[in-house]
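See below for the structure under consideration.
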Amino acid sequence: MSTQSPGNEKRVTTHVLHEMKSRGEKISMLTAYDYSMGRIIDAAGIDVILVGDSASNVMAGHETTLPITLDQMIYHASSVVRGVQRALVVVDLPFGSYQGNSKEALASTIRIMKESGAHAVKMEGGEEILESIRRILTAGVPVMGHLGLTPQSIYKFGTYAVRATEDAEAEKLVGDAKLLEQAGCFALVLEKIPSDLAHRVAKSIAIPVIGIGAGPHVDGQVLVVHDMLGINNEFKPRFLRKYADLHTTITEAVQQYVRDVKSVDFPNDREQY
Ligand code: KIV
């Protein structure tokens, strides 16, 4: 069911996303980790905001997503939620907060929902985490799945290369996608898999499939906001399209500020009391 947001804009709900898939309207999704960015991308019309555990990389500078904690995810998520009026806000359950057992998974989810005000959670994995997904769903919390390159398993994979290029892994992925749909997930992220395989999955399940490095034949796209805005200028995978070069913009602005301060050009007569 869709509801009216305080700004009187129709809120994006899981139901709205299903309707979008049914009528072939693509879903736009980006990450955000703080109030200001959440506010900007929400007002710009993004459908779904993911408070991704990629915060571990782009906000905290860790090499992987593994170190980020549940408390840190709640901090990021509550900051984003305060800036959002329209988009659906989905929060990653961080590594170690749900893999132990379904009771722990539910307890982590309840903390996220109560303490951040977010609308849904995302979890990496298929059959092996089904019991936890079912338990979270019974508490009334929508769950987004995530298959393919699942960064929390990077030490099992040993590489960030494209996943499911071999038949066995591709068949398991298709089977897992169907299991996640049957369990009641409202949507599924497919990361860095062949375009044809992502197409096959998107056609075979009724829930929206959101791709990142999974080609165009899915129901929507997600990117890490720091990557697509060119803040992080070292990460250049083939799937990434840069919509801005904020690394250069920010560097030049800061260099100008430094020059202005040192030359006492700033503040001028109008910039003082
Ligand atoms: O954490 C994240 O940013 C993600 C996206 C890459 C889908 O999971």
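The values are calculated or read from the model by the stated rules, or taken from the named source; none is laboratory data. Just so it is clear, the structure is predicted and the values come from calculations on it, not from any experiment. Every residue, glycine among them, receives a Cβ derived from its backbone with ideal geometry; neighbour counts consider all protein chains shown. We work out accessible area using only protein heavy atoms, side chains counted, and drop any ligands, DNA or RNA first. Shrake-Rupley method; radii C 1.70, N 1.55, O 1.52, S 1.80 Å.
For the chain, what % of the accessible area comes from carbon and sulfur atoms, probe 1.4 Å?
Details: 7320 of 13820 Å².
The C+S portion of the solvent-accessible surface of the chain is 53 percent.
What separates the Cα centres of segment 180-224 and segment 35-70 is a distance of 20 Å. Checking every one of the trypsin sites (Lys or Arg not before Pro) in segment 146-252 against DSSP loop status and a limit of 13 other Cβ atoms within 10 Å picks out 238, 241. Here residue 203 and residue 101 are evaluated by their C-beta separation; at R0 = 35 Å the FRET efficiency comes out at 0.55. With a Förster radius of 22 Å applied to the C-beta separation of residue 59 and residue 157, the computed FRET efficiency comes to 0.45. Heavy-atom accessible surface of residue 228, to the nearest 10 Å², is about 30 Å², with a 1.4 Å probe and all protein chains retained.
The charge dipole of segment 14-242, taken about the Cα centre with unit charges on the Cβ atoms of Lys, Arg (+1) and Asp, Glu (-1), comes to about 480 debye, rounded to the nearest 20. Here the label points at residue 266 and residue 236, each 7 Å from Cα along the C-beta direction, are separated by 3.0 nm in the simple model. Across all directions, the shadow cast by the convex hull of segment 88-179 built on its C-alpha atoms averages 6.2 square nanometres.
Take residue 97: with every protein chain present and a 1.4 Å probe, its accessible area is about 10 Å². Straight-line cross-link reach from residue 103 at under 21 Å between alpha-carbon atoms covers these lysines, not counting any fewer than eight positions away in the same chain: 114, 122. Rounded, prolate or oblate: which fits segment 14-242 when a ≥ b ≥ c are the square roots of the eigenvalues of the alpha-carbon gyration tensor, with rounded for a/c under 1.5 and prolate only if a/b beats b/c? Rounded, since a/c falls under 1.5.
Which GluC sites (Glu not before Pro) in segment 215-273 sit in a loop by DSSP (not H, G, I, E or B) and have at most 14 other Cβ atoms within 10 Å of their own Cβ? Filter output for segment 215-273: 234.
Projecting the Cα atoms of 240, 254, 230 onto the charge dipole of segment 225-273, computed from C-beta unit charges around the Cα centre, puts 240 farthest toward the positive end.
Taking every DSSP bridge with both residues inside the chain, close to 5 percent are antiparallel. Karplus-based coupling profile of segment 56-68, in residue order and whole Hz: 4, 7, 7, 9, 9, x, 6, 6, 10, 8, 5, x, 5, with θ = phi - 60° in 6.51 cos²θ - 1.76 cosθ + 1.60 and x standing for Gly or Pro.
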